[in-house]
1. Given the convex hull of the Cα atoms of region 1-46, what is a quarter of its surface area in nm²?
2. With r defined as the distance between the Cβ atoms of residue 49 and residue 12 and R0 fixed at 35 Å, what FRET efficiency is calculated, to the nearest 0.05?
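Any read-out appearing in this document is the output of simple, stated calculations on the displayed coordinates, not a laboratory observation. Just so it is clear, the structure is predicted and the values come from calculations on it, not from any experiment. Every residue, glycine as well, gets a Cβ built from its backbone with ideal geometry; the counts of neighbours run over all protein chains shown.
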């Protein structure tokens, strides 16, 4: 048995009726809903609690005594 993960919060209509999905729910990859609607699932989890994400974003204000590298335009 392999697992797949729901990618969205929704109520999906399919051949067996309606089923609620919550982002991050773990499903058997052979479940009928997964086979009918693979677009709603991913092989990797979309929600990992506690993961520290490091974003590379330049700050708009420099720290005291910080110098920015600049190039003069001609």
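1. Hull-based average projected area comes out at 2.7 nm².
2. Values: r = 24 Å, r/R0 = 0.68.
Computed FRET efficiency for residue 49 and residue 12 comes out at 0.90.
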